[in-house]
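Visitor: Before we start, here is the structure in question, set down as structure tokens.
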Amino acid sequence: MNDTTQGRIGSADGGAATNREDAGEKAERLLLTATGLIGVTAVLLGALSFCNLVRAEGVAPVAPVPTAIRVANQTQNAVYANLVLGQPPKALPANCSNLGRQIVSLKEAGRHFISSVTHHAIKFVPQTAAVDDKGYYRLKPGEVITYKPETFACATGTCSAAMTYNFFFTPKKYDGSPNNGCGGSETFGDATNLAEGSINFAINGSQGRSCANADAADISAVNGINAFLKLEMKGQSWPFASVENSSFGHNANESGVYGWAATTCVGNAGYPNPQGGCAPPVNAPRAKGGVCKTPGGTAYAPIVDPKTNIAYCDERSDAGKTSPQGECVSQRPGGVTGGTVEIIFRGFLPNPWAA
């Protein structure tokens, strides 16, 4: 949905930078209208924000059931699951008089995530003492943490708090430095990819015809790729029920995946790296003979690193048969909730600096 170091479906609130993509760009990339998907650019600074969320046509369920989240470590080693929470906009969007409830703090989120090991609520550790929307939890081998949303009475009957999130995974604790949205560092040679999404905005008590109302999920490799991730969506009306990313050079035309630097799915407007002080991933795909082509054969101009003059090919997808902006996000129709979004960590890519 969107990308930078810490989040891709929504924009960041300007806190500790762990993503390289711009919040506004990410918002643009993830924004969906009632008639279709408008490509969104990757975001470098955080998770989804309300204004980056989706409004889609649909019918609210008769008896709303909230969507849950599972985060699973499918490996034999412990791993740190880093969570970035999207924040509501400071000003109400047009034609949305009430944003409803939204999970915005690690403390609140942790109360609803239950460990399969302890069977109790978990605690996310903030990256730094000054933030409460970016932090980590150490997943034991085989451990699963499940977000179990609560419901509350509201004007429409039954509601549940919404959430915009992105998860990325690291072998060690991460305190926000170096920027995980940039490549080239010893810690993040290939930056990080994200599992991002938004859930339960259709039933969070918001009021207004333009308020976000659609569940959505994707994997963003816009900043780079450090892990093999998989999403499995259960419940009604997900266009893609299972998505997973590959290594560099193999993510274009993968449903539910934004490839490296492909901020709009079918293009690279506002790509996060390489530019300024943000280096590209060590293994970012390089242009052969100065030429780049999509899997369908459409030629496009390479990205040239202003520092090294090396030419790279972003992993853009071809236009979809039903969506000219590609199929990089799995989004439900408006008003449809229930089921589960499962984020599965399957292991790290090889360290590009390993001997």
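Visitor: In whole Hz and in residue order, list the ³J(HN,Hα) couplings for region 293-302 that follow from phi through the Karplus curve 6.51 cos²θ - 1.76 cosθ + 1.60, θ = phi - 60°; x for Gly and Pro.
Guide: Using θ = phi - 60°, the values come out as 9, 6, x, x, x, 7, 7, 8, 6, x Hz.
Visitor: Report, by chain and number, residues whose modeled amide H sits under 5 Å from the one on Ile114, excluding near sequence neighbours (fewer than 5 apart, same chain).
Guide: For Ile114, the qualifying residues are Thr146, Tyr147, Lys148.
Visitor: Let me ask another. From the Cα gyration tensor of region 95-144, with a ≥ b ≥ c the square roots of its eigenvalues, which class applies: rounded if a/c is under 1.5, or else prolate if a/b is larger than b/c, or else oblate?
Guide: It comes out oblate by the Cα gyration axes.
Visitor: Also: Near the amide H of Gly181, under 5 Å away, which other amide H atoms are found, from residues 5 or more places off or on another chain, if H is placed in the peptide plane?
Guide: Thr5, Asn19, Arg20
Visitor: Can you give me the % of accessible surface on region 173-323 that is carbon or sulfur? Probe 1.4 Å, all protein chains present, nothing else counted.
Guide: 46
Visitor: Same structure again: For Val131, what residues show an amide H to amide H distance below 5 Å, using hydrogens built from the backbone and excluding near sequence neighbours?
Guide: It is none; the list stays empty.
Visitor: For region 64-73, what does the Karplus curve 6.51 cos²θ - 1.76 cosθ + 1.60, with θ = phi - 60°, yield as ³J(HN,Hα) per residue in whole Hz, taken in order and with x for Gly and Pro?
Guide: x, 10, x, 7, 9, 10, 10, 10, 10, 9
Visitor: Still on this structure, please answer the following. Could the peptides 220-230, 317-327, 66-76, 201-211 be put in order, highest first, of the mean number of other beta-carbon atoms found within 10 Å of their residues?
Guide: In descending order of packing, they fall as 220-230, 201-211, 66-76, 317-327.
Visitor: Given a 1.4 Å probe, how much area per residue of region 227-355 is accessible, in Å²? Please list the in-between numbers first.
Guide: Working: 5730 Å² over 129 residues.
I get 44 Å² per residue for region 227-355.
Visitor: Return the loop-located trypsin sites (Lys or Arg not before Pro) in region 244-319 (DSSP other than H, G, I, E, B) with at most 14 other Cβ atoms within 10 Å of their own Cβ; answer none if there are none.
Guide: Passing sites in region 244-319 are Lys307.
Visitor: Another question about this same structure. Per the 1.4 Å probe, what fraction of the accessible area of region 93-165, in percent, lies on carbon and sulfur atoms? Before the final figure, lay out each step's value.
Guide: Details: 1910 of 3540 Å².
Carbon plus sulfur share of accessible area: 54 percent.
Visitor: Along region 185-190, what does the Karplus equation 6.51 cos²θ - 1.76 cosθ + 1.60 (θ = phi - 60°) give for ³J(HN,Hα), rounded to whole Hz, x for Gly and Pro?
Guide: 7, 5, 6, 10, x, 10
The values are calculated or read from the model by the stated rules, or taken from the named source; none is laboratory data. All values derive from a computational prediction rather than experimental measurement. Heads up, the Cβs are rebuilt from the backbone with ideal geometry, glycines too, and the neighbour counts pull from every protein chain shown. We work out accessible area using only protein heavy atoms, side chains counted, and drop any ligands, DNA or RNA first. Shrake-Rupley method; radii C 1.70, N 1.55, O 1.52, S 1.80 Å.
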